[in-house]
Amino acid sequence: MYDVIVIGGGPGGYAGAIRASQLGAKAVLVECAEMGGTCVLRGCIPSKIWLRAANLLDQSRKAGDFGLNLTVNAVDFSAILARKQGVSNDIRMGMEALLQNNGVDVIRGKAVFKSGTKIEVDGKPVEGKNIIIATGSMLDFPDTPGLREAAFTTDQLLDMTSVPASILITDATYLGVEMAYLLCVLGSKVTLAVPESRILPSEDQDTSQRIAQSLRDRGVEIIARHTLESVSKAGAGFSGKLTAGGKERIVEVEKVLVSGRKPNTDGLGLEAAGVKCNADGSIQVNERVRTSVPTVYAAGDVTGGAMLSHAASAMAICAAENCMGKNSKFPAHLVSRAMWTSPEMGSVGLSEEEAEKKGYEVETGGFPYSINGYAMLRGEVDGAVKVVSNAKTGEILGVHIVGANASELVGEAVLAMQLECTVSELAKGFRVHPAFCETVVDAARDAAGWALYLPKR
Ligand SMILES: Cc1cc2nc3c(=O)[nH]c(=O)nc-3n(C[C@H](O)[C@H](O)[C@H](O)COP(=O)(O)OP(=O)(O)OC[C@H]3O[C@@H](n4cnc5c(N)ncnc54)[C@H](O)[C@@H]3O)c2cc1C
């Protein structure tokens with residue numbers, strides 16, 4: 001009998017199994033495919049390898065500003081693919097070694113629930129006092145007529161040997177936006193047509209506008225409030241029929257990106273354990289990431305929500321601690337988001353609009369990259385930091401960064417919010433100079449009412 005059974009070897013399951021073992025559990029991890037999950041094999045790591053190549057290419061186009069006369073002769077797709085494979089393999093092997101090092105048993109095969117404490121893996125029973133489900137997510141293929149033939153999935157994109165000459169992307173979230181940036185930099189003609197009134201609808205309006213402008217500057221056409229109704233063959237490519245309020249618009253493309261995700265509970269036999277799901281198929285969990293069955297926990301993409309790797313790991317750590325008798329809560333408000341576009345995006349917490357809707361008296365502070373010395377000397381002046389705070393208490397409710405290194409800078413904001421520091425406390429800090437991170441303190445000073453380097457309000 002195991003103390004903890006973990007189903008899934010992605011970033012969630014991996015972290016959960018190691019944490020359980022650290023706390024003295026006899027733990028086992030069951031994985032039906034390769035270790036690493038979506039993150040290492042088909043998600044974060046491969047996509048960021050492609051985005052790194054795109055960023056370098058994008059930056060090389062500005063080399064002349066620094067006195068460098070560079071010419072990029074060609075993009076070697078097979079070299080990028082080899083690098084992607086190499087890095088993914090290294091990470092996967094590191095994960096396998098660390099599981100072994102922590103004494104976690106690994107069983108290869110597909111887990112199926114038999115009860116709240118028992119699963120079967122390829123017909124063989126495995127019992128545990130607690131079970132953590134970390135089975136992740138899978139591609140959500142919409143049933144749009146004609147789409148199958150035109151589809152270019154994120155899996156295909158990450159293995160591409162050339163870019164489509166033109167592509168229609170209908171995903172307004174960070175996945176669709178990152179892919180729009182990547183493909184346009186590599187030479188595709190990209191149309192980003194989204195049903196919402198703007199791209200990145202769950203981010204702060206300023207973030208959405210800045211990223212949209214940066215995409216337009218690179219030639220991406222953005223069409224808001226349009227839904228893809230159907231796709232049909234048109235010459236060598238396809239014609240996508242978009243509709244908005246009864247009006248039609250046709251976009252001719254070579255491919256249509258399919259990037260949506262849905263929780264993966266396929267064939268898991270949740271009914272046998274009595275685990276309840278939400279209407280969208282995600283597993284219901286409470287703040288301790290416990291499901292409707294006291295011995296069963298769930299973490300990561302399978303619970304829906306943000307569907308991000310670091311959230312998956314943090315949830316699974318919380319699950320493992322609770323399995324081992326602790327009373328841990330998952331701090332959902334600290335899940336940061338990022339995009340490796342150019343400029344990058346990094347954010348955490350509430351947008352200004354969300355904070356207002358929740359009834360807060362909102363104070364915001366901002367600081368543009370255009371007057372940060374480091375951004376100026378680096379020629380990366382596109383961007384800004386925005387701090388959203390509670391005007392009455394100074395509590396930091398959210399921080400929204402668009403600009404170089406935003407995916408790293410947002411860590412400052414996460415720490416500040418984790419330690420419940422106020423804008424005044426963040427404003428009192430100081431940072432290395434010259435550096436992008438100075439902008440976070442400057443934005444906090446603005447929110448606290450004493451911005452030093454901005455004109456008086
Ligand atoms: C293109 C792309 C780019 C992304 N980029 C980012 C990014 O930059 N940053 C970020 O934070 N997130 C990113 N994500 C999301 C991220 O990959 C996921 O949030 C993360 O992998 C979720 O981790 P998980 O452990 O919940 O599930 P997964 O990583 O999906 O792992 C689940 C594992 O469970 C296994 N499994 C499933 N069912 C069973 C079963 N019955 N028995 C045994 N094993 C089973 C699967 O084989 C899989 O290995 C991206 C996703 C995609 C598709």
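The table below lists the values:
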read-out	value
Residue ID - farthest from SER232 (Cα to Cα), chosen from residues in segment 245-293 that are in contact with a Pro (Cβ under 8 Å, 6 or more places away or on another chain) and of a type in the set (Val, Ile, Thr)	ILE283
Among (1) away from the ligand (no atom under 11 Å from the Cβ); (2) of a type outside the set (Gly, Ala, Ser); (3) surrounded by 15 or more Cβ atoms within 10 Å (Cβ to Cβ); (4) within 28 Å of the chain's Cα centre (by Cα) - the single one MET95 does not satisfy	(1)
Criterion: touching a residue at least 60 places away in the same chain (Cβ under 8 Å), outside the structural domain of ALA314 (by TED's automatic domain parsing), in contact with a Lys or Arg (Cβ under 8 Å, 6 or more places away or on another chain) and crowded, with 19+ Cβ neighbours inside 10 Å - qualifying residue of LEU157, LEU168	LEU168
Contacts under 6 angstrom Cβ, first residue in segment 52-79 being under 21 Å from SER342 (Cα atoms), partner surrounded by 10 or more Cβ atoms within 10 Å (Cβ to Cβ) and among the polar types (S, T, N, Q), 6 or more apart	ASN55/SER342; ASP58/SER342; LEU70/SER60; VAL72/SER60
Single condition ALA299 does not satisfy, out of (1) away from the ligand (no atom under 11 Å from the Cβ); (2) of a type in the set (Gly, Ala, Ser); (3) touching a Cys at 6+ places or on another chain (Cβ under 9 Å)	(1)
Qualifying position, being of a type outside the set (D, E, K, R), over 30 Å from SER60 (Cα atoms), touching a helix residue (DSSP H, G or I) at 6+ places or on another chain (Cβ under 7 Å) and not assigned by TED's automatic domain parsing to the domain that holds ARG61, among LEU419, LEU415, LEU397, LEU409	LEU397
Selection from segment 110-127 of residues that are surrounded by fewer than 16 Cβ atoms within 10 Å (Cβ to Cβ) and touching a residue at least 24 places away in the same chain (Cβ under 8 Å)	LYS114, SER115, GLU127
Segment 415-427, subset in contact with a strand residue (DSSP E or B) (Cβ under 9 Å, 6 or more places away or on another chain) and under 12 Å from VAL387 (Cα atoms), residue surrounded by the fewest Cβ atoms within 10 Å (Cβ to Cβ)	THR422
Some residue of segment 268-285 being within 10 Å of the ligand (Cβ to nearest atom), over 17 Å from the mean Cα position of the chain (by Cα) and surrounded by fewer than 23 Cβ atoms within 10 Å (Cβ to Cβ)	yes
Where a residue in segment 355-371 is of a type in the set (Phe, Trp, Tyr) and its partner, wherever it lies, is assigned to a strand (DSSP E or B) and surrounded by fewer than 19 Cβ atoms within 10 Å (Cβ to Cβ), with Cβ under 9 Å and at least six apart	TYR360/ASN390; TYR360/GLU395
Search result, residues across segment 128-140 that are more than 9 Å from the ligand (Cβ to nearest atom) and either free of Cβ contacts under 8 Å to residues at least 40 places away in the same chain or assigned to a strand (DSSP E or B) (or both)	GLY128, LYS129, ASN130, ILE131, ILE132
Per-region count, segment 1-41, residues in contact (Cβ under 8 Å) with a residue 60 or more places away in the chain, within 6 Å of the ligand (Cβ to nearest atom) and surrounded by fewer than 24 Cβ atoms within 10 Å (Cβ to Cβ)	1
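Residues checked against (1) surrounded by 14 or more Cβ atoms within 10 Å (Cβ to Cβ); (2) within 16 Å of the ligand (Cβ to nearest atom):
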position: PRO294; (1), (2): no, no
position: THR303; (1), (2): yes, yes
position: MET307; (1), (2): yes, yes
position: MET324; (1), (2): yes, no
position: LYS329; (1), (2): no, no
position: ARG337; (1), (2): yes, yes
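The values are calculated or read from the model by the stated rules, or taken from the named source; none is laboratory data. A quick note: this is a predicted structure, and the numbers were derived from the prediction, not measured. No Cβ is skipped: glycine too gets one built from the backbone with ideal geometry, and neighbour counts run over all protein chains shown.
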